[in-house]
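Novice: My structure is below; once you've seen it, I'll send some questions.
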Amino acid sequence: MTDVSRRTLIAAGAAASLLPAGIAAQRRGSNAARFSLGYAPHEGSFASRGGRVEQIAYAADQGFTAWEDNEAATRSVADQTAMAKALADRGMTMGVFVASMPQWAKSRPLLGAGDGADREGFLADIRASIDVAKRLNATRMTVVTGFMDPKVPVDIQTARVIDVMRRAGEIVAPHGIAMVMEPLNTRTNHPGVYMQTVAQGYAVARGANSPAVKVLADLYHEQIQSGNLIPTLATCWNEIGYIQFGDNPGRKEPTTGEINYRSIVRWLRAKRYAGVIGMEHGNSVPGRPGEDRLIAAYREIDAA
């Protein structure tokens, strides 16, 4: 038995000891104890196991209860339907997909610009995403609030972003869907974006004043940009609608970097967080050994 496999078994046993007796039997087709929180792998997390549907089945067998797919809106209706069926068959929750994909190479959209064309295009994307969300049984979808316009004062841009998010909220709220705005770091990955911290997202969400406009707290981005993760989550909690994990540096699985995800898991469990936690990161080791290590890392932090 490899060291990674041994760690997987030990961690799985420790996590199982925290769960009610017989919980594994409650999960149809599962071969492992269910995780206590809704960690969501994505296509590529278990690439060696086959295509998207096969990876979903494998994730379910390891005790994962959710899934996310940033690219879902770009997939065919047949692929979306097949993914939704695979998740429903395993009792898994669909996490986020990206409702309006930015044009990264062009640094667009400019939602705070004087010209409203980008805002109207954004709203068109939101309208189109409602059918995708319904097909996937998704209640959350990611939005990126675009890039900074150097010609417009920041406060004016903020007012315009709040206005367009309020309008977007009016579109999706009747369907029981919430958009989650994702702050992104500018120091490593996304220079020039408008929304850069969870606190900034909190201000926009409060301004939009809609149950359909919330914040996605991606802790990898927040650690790079601001740090102070648990106090930030506590302060902004009422406007946080989704969470994603990823360690820093490297954006790989927990335990590979500086973030103490054991403490964050304990805090989320104390808050009785019942939502999805996107595993928005890569694997630190390629191939099946990396997949084993990924599972072991989540068993380790889940047992905290």
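Novice: Counting only residues that are among the aliphatic types (A, V, I, L, M) and part of a loop (DSSP other than H, G, I, E, B), which one in the stretch 142-172 is surrounded by the most Cβ atoms within 10 Å (Cβ to Cβ)? It would help to see each step written out before you state the result.
Specialist: Restricting attention to the stretch 142-172, the residues satisfying the condition of being among the aliphatic types (A, V, I, L, M) are 143-144, 148, 152, 154, 156, 159, 161-162, 164-165, 168, 171-172.
Still in the list and also part of a loop (DSSP other than H, G, I, E, B): 144, 148, 152.
Details: VAL144: 23, MET148: 20, VAL152: 14.
The qualifying residue surrounded by the most Cβ atoms within 10 Å (Cβ to Cβ) is VAL144.
Novice: Same structure again: In the stretch 173-180, is there at least one residue being part of a strand (DSSP E or B), touching a residue at least 40 places away in the same chain (Cβ under 8 Å) and within 18 Å of GLY227 (Cα to Cα)? Walk me through it before giving the result.
Specialist: Within the stretch 173-180, the subset part of a strand (DSSP E or B) is 178-180.
So of that shortlist, the ones also touching a residue at least 40 places away in the same chain (Cβ under 8 Å) come out as 178-180.
With the extra rule that they be within 18 Å of GLY227 (Cα to Cα), the set shrinks to none.
For the stretch 173-180, residues part of a strand (DSSP E or B), touching a residue at least 40 places away in the same chain (Cβ under 8 Å) and within 18 Å of GLY227 (Cα to Cα): absent.
Novice: If I ask for residues that are under 16 Å from GLU182 (Cα atoms), surrounded by 18 or more Cβ atoms within 10 Å (Cβ to Cβ) and without any contact (Cβ under 8 Å) to a residue 60 or more places away in the chain, which ones from the stretch 103-124 would you list?
Specialist: PRO109, LEU110, PHE122, listed by residue number.
Novice: List pairs: first residue in the stretch 159-172 and more than 17 Å from GLU239 (Cα to Cα) and without any contact (Cβ under 8 Å) to a residue 12 or more places away in the chain, second residue among the basic types (Lys, Arg) and surrounded by fewer than 20 Cβ atoms within 10 Å (Cβ to Cβ) anywhere in the structure, Cβ distance under 6 angstrom, at least six positions apart or on different chains.
Specialist: none
Novice: Of the residues ALA234, ALA297, ALA205, ALA199, which is part of a helix (DSSP H, G or I), within 23 Å of ASP61 (Cα to Cα) and of a type in the set (A, V, I, L, M, F, W, C)?
Specialist: ALA297
Novice: Okay, next question. Check off (1) buried (at least 22 other Cβ atoms within 10 Å of the Cβ); (2) over 24 Å from MET94 (Cα atoms) for THR232 and give me the number that stays unchecked.
Specialist: (1)
Novice: Something else now. Just checking, how many residues over the stretch 37-71 are among the β-branched types (Val, Ile, Thr) and either assigned to a loop (DSSP other than H, G, I, E, B) or farther than 16 Å from ASP292 by Cα (or both)? So that I can check it myself, show each step before the final result.
Specialist: We begin by selecting, within the stretch 37-71, every residue among the β-branched types (Val, Ile, Thr); these are 53, 56, 65.
Pick out the ones that are also either assigned to a loop (DSSP other than H, G, I, E, B) or farther than 16 Å from ASP292 by Cα (or both) and you get 53, 65.
Result for the stretch 37-71: 2.
Novice: Provide a single number: the residues in the stretch 44-97 that are surrounded by 22 or more Cβ atoms within 10 Å (Cβ to Cβ) and among the hydroxyl-bearing types (Ser, Thr, Tyr).
Specialist: Residues in the stretch 44-97 being surrounded by 22 or more Cβ atoms within 10 Å (Cβ to Cβ) and among the hydroxyl-bearing types (Ser, Thr, Tyr): 1 in total.
Novice: Of the numbered conditions (1) free of Cβ contacts under 8 Å to residues at least 40 places away in the same chain; (2) farther than 16 Å from ALA217 by Cβ; (3) among the β-branched types (Val, Ile, Thr), THR256 fails exactly one; give the number of that condition.
Specialist: So the condition that THR256 fails would be (1).
Bear in mind that the values in this text are calculations on the coordinates, not laboratory data. Please read these numbers as outputs of a predicted model, since none were measured by experiment. Using ideal geometry, Cβ is built from the backbone for each residue, glycine included, and neighbour counts are taken over all protein chains shown.
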